[in-house]
Amino acid sequence: MPFVHVHINSTGDMKACCISDIFLGNIKNSDVVEMFNSNQMKDLREKFLRDEADNRCKNCYVKEAAGKESMRLETLNKFEDQLEELIQNPEPKYFDIRFSNQCNLKCRTCWHGNSSKWFEDAKKLNRALEDKSLIKAFADNSELEKQLGNYIESAQEFYFAGGEPLLMEEHQWVLNKLIEKKNFSCLLRYNTNLTSLYQFEKNLIDLWKPFKQIEILASIDGLGRKGEIIRSGINLEKFESNFRKLKELDQVNIKIAPTLSLLNADLLPNLHRTYVEKELIKINDVHFNILDQPYHYNIKSLPKDQKERIQTMFEEHTKWIESNKGDISEWKAAIEYMNQDDWSNRYEKAKQETRKLDDLRGEGIELKIKD
């Protein structure tokens, strides 16, 4: 990844990737070129070329050990045919820019840094990242042009996440620039809650039409009331309607992408099976975003008896998947990841945090997994 990747979060911090602990600087006082070519990045590249692990990249190593494809391996596979050239001349080609924290949901596993909708709750809990709800990486479009304009024509991939990227004006700026430069081969990837396909009175489907490849990971954490509480603010009927619209587009590859946590592990087999039986997805069109932080909601924090219950549920579900000639690797990797460590000492914190939000929002969620 350090040979091709640029990640900038909603506060303007640039890191080696979104899940690493390698901080490179901030675009408010440095530029992308300077940080991409910094000595720190050069040292990281040399370390990777020597096949040395870096503990700051532990999230990838942990997932690989569980049998799940990491961002590191995914990127390596995508750019495999360009490796020799990129090793000699590293160049930004894959962009993951979290333009802001603008979002219309306040998911239980999220926080103010990734959701403007979280602001009021974060203030009450004394956890607001800043003294305003909306946090933006770039001051305006002229700053966007200055930092990213030179890369638009040669970009091979833009990954949009958030916040909710389909609400962000910067997202539309990138699309318009790619269209202007006729860079229609650039892969557009999204992690979106699919609450709206319109932005500033423009139909996003119309803007997407010229592009050859669009991959969408649609964020849904479960069906029914519990699913709605976990992903607070979601309209599941609207989500399904928009999902169907995108499914009809030839260049769009769409999957459901639950954020797997101890809050929703028991909901996922039913979610998967329901969407397959409704013919919304094919059997393998599910991708787990395994939650790392907050640690108390990580599935490793489940007590032993609940881990055993989840493992049994998942194993029963994989029998159904196999009977439909599906791939069970996502589910097996989730079981392996869950059992890697015993973090059950954090489970009490999960219950405390859940009660706080239950009281604050007037909602209720049952953590204990039932038969």
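Mind checking whether some residue in segment 31-44 is crowded, with 20+ Cβ neighbours inside 10 Å, within 18 Å of the chain's Cα centre (by Cα) and within 19 Å of Cys60 (Cα to Cα)? Looking for residues that are crowded, with 20+ Cβ neighbours inside 10 Å, within 18 Å of the chain's Cα centre (by Cα) and within 19 Å of Cys60 (Cα to Cα), one finds none in segment 31-44, hence no. Residues in segment 111-147 that are within 21 Å of Leu263 (Cβ to Cβ), free of Cβ contacts under 8 Å to residues at least 60 places away in the same chain and in contact with a Cys (Cβ under 8 Å, 6 or more places away or on another chain): Ser115, Trp118. Is it fair to say Leu197 is aliphatic (A, V, I, L, M) and either open to solvent by 10 Å² or more (accessible area, probe 1.4 Å) or over 20 Å from Val4 (Cα atoms) (or both)? Spelling it out, Leu197 is indeed aliphatic (A, V, I, L, M) and either open to solvent by 10 Å² or more (accessible area, probe 1.4 Å) or over 20 Å from Val4 (Cα atoms) (or both). Would you tally the residues in segment 223-262 being under 26 Å from Lys307 (Cβ atoms) and assigned to a helix (DSSP H, G or I)? So the count comes out to 7.
Looking at the structure I just gave you, is Ser70 surrounded by 15 or more Cβ atoms within 10 Å (Cβ to Cβ), among the small types (Gly, Ala, Ser), closer than 28 Å to Ala265 by Cβ and at pLDDT below 85? Spelling it out, Ser70 is indeed surrounded by 15 or more Cβ atoms within 10 Å (Cβ to Cβ), among the small types (Gly, Ala, Ser), closer than 28 Å to Ala265 by Cβ and at pLDDT below 85. So for segment 338-356 (the condition being within 18 Å of Thr109 (Cβ to Cβ) and aliphatic (A, V, I, L, M)), does at least one residue qualify? The answer is yes, given that some residue of segment 338-356 is within 18 Å of Thr109 (Cβ to Cβ) and aliphatic (A, V, I, L, M). Of Ile205, Ile256, Ile290, all but one fail to be buried (at least 19 other Cβ atoms within 10 Å of the Cβ) and either touching a Lys or Arg at 6+ places or on another chain (Cβ under 8 Å) or free of Cβ contacts under 8 Å to residues at least 24 places away in the same chain (or both); the exception is Ile290. Would you confirm whether any residue within segment 193-203 is within 30 Å of Lys307 (Cβ to Cβ) and at pLDDT 95 or above? Yes, because at least one residue in segment 193-203 is within 30 Å of Lys307 (Cβ to Cβ) and at pLDDT 95 or above. Within segment 152-168, restricting attention to residues that are touching a helix residue (DSSP H, G or I) at 6+ places or on another chain (Cβ under 8 Å) and not aliphatic (A, V, I, L, M), the residue that is surrounded by the fewest Cβ atoms within 10 Å (Cβ to Cβ) is Glu157. Here Leu217 fulfils each of the conditions (1) of a type in the set (A, V, I, L, M); (2) farther than 17 Å from Pro269 by Cα; (3) under 19 Å from the mean Cα position of the chain (by Cα); (4) open to solvent by less than 20 Å² (accessible area, probe 1.4 Å) apart from (4).
Say whether the condition of being closer than 29 Å to Met338 by Cα and either in contact (Cβ under 8 Å) with a residue 24 or more places away in the chain or open to solvent by 40 Å² or more (accessible area, probe 1.4 Å) (or both) is met by at least one residue in segment 80-94. Explain how you work it out, then say what you get.
Initial filter on segment 80-94 (closer than 29 Å to Met338 by Cα): none.
Within segment 80-94 (the criterion being closer than 29 Å to Met338 by Cα and either in contact (Cβ under 8 Å) with a residue 24 or more places away in the chain or open to solvent by 40 Å² or more (accessible area, probe 1.4 Å) (or both)), the answer is no, since none of the residues qualifies.
Checked against (1) surrounded by 15 or more Cβ atoms within 10 Å (Cβ to Cβ); (2) hydrophobic (A, V, I, L, M, F, W, C); (3) in a loop (DSSP other than H, G, I, E, B), Phe184 passes all but condition (1). Taking the listed residues Ser323, Ser329, the one that is among the small types (Gly, Ala, Ser), open to solvent by 30 Å² or more (accessible area, probe 1.4 Å) and modelled with pLDDT under 95 is Ser329, with no other qualifying.
Find all pairs meeting these conditions: Cβ atoms under 7 angstrom apart; at least six residues apart or on different chains; first residue within segment 297-318 and on the phi < 0 side of the Ramachandran plot and open to solvent by 60 Å² or more (accessible area, probe 1.4 Å); second residue at pLDDT 95 or above and assigned to a helix (DSSP H, G or I). Taking only residues 6 or more apart or on different chains, the pairs are Lys304/Ser344. Residue count for segment 22-65 satisfying the condition of being under 30 Å from Asp140 (Cβ atoms), part of a helix (DSSP H, G or I) and not polar (S, T, N, Q): 6. Does Phe243 count as aromatic (Phe, Trp, Tyr), under 21 Å from Asn183 (Cα atoms) and crowded, with 18+ Cβ neighbours inside 10 Å? Against the criterion (aromatic (Phe, Trp, Tyr), under 21 Å from Asn183 (Cα atoms) and crowded, with 18+ Cβ neighbours inside 10 Å), Phe243 does not qualify.
Yes/no matrix, rows are residues, columns are (1) at pLDDT below 95; (2) in a loop (DSSP other than H, G, I, E, B); (3) more than 23 Å from Thr354 (Cα to Cα):
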residue: Lys106; (1), (2), (3): no, yes, no
residue: Lys117; (1), (2), (3): no, no, no
residue: Asp121; (1), (2), (3): no, no, no
residue: Asn126; (1), (2), (3): no, yes, no
residue: Leu134; (1), (2), (3): no, yes, yes
residue: Ala139; (1), (2), (3): yes, yes, yes
residue: Asn150; (1), (2), (3): yes, no, yes
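The listed residues are Lys117, Lys177, Lys132, and the only one of them that is more than 30 Å from Asn298 (Cβ to Cβ) and either in contact with a Pro (Cβ under 6 Å, 6 or more places away or on another chain) or open to solvent by 10 Å² or more (accessible area, probe 1.4 Å) (or both) turns out to be Lys177.
The values are calculated or read from the model by the stated rules, or taken from the named source; none is laboratory data. Computed from a prediction, not measured in an experiment: that's the story for all the values here. Glycine gets a Cβ as well: all are built from the backbone with ideal geometry, and neighbour counts include every protein chain shown. The accessibility values were calculated without ligands, DNA or RNA, using every heavy atom of the protein model including side chains. Shrake-Rupley method; radii C 1.70, N 1.55, O 1.52, S 1.80 Å.
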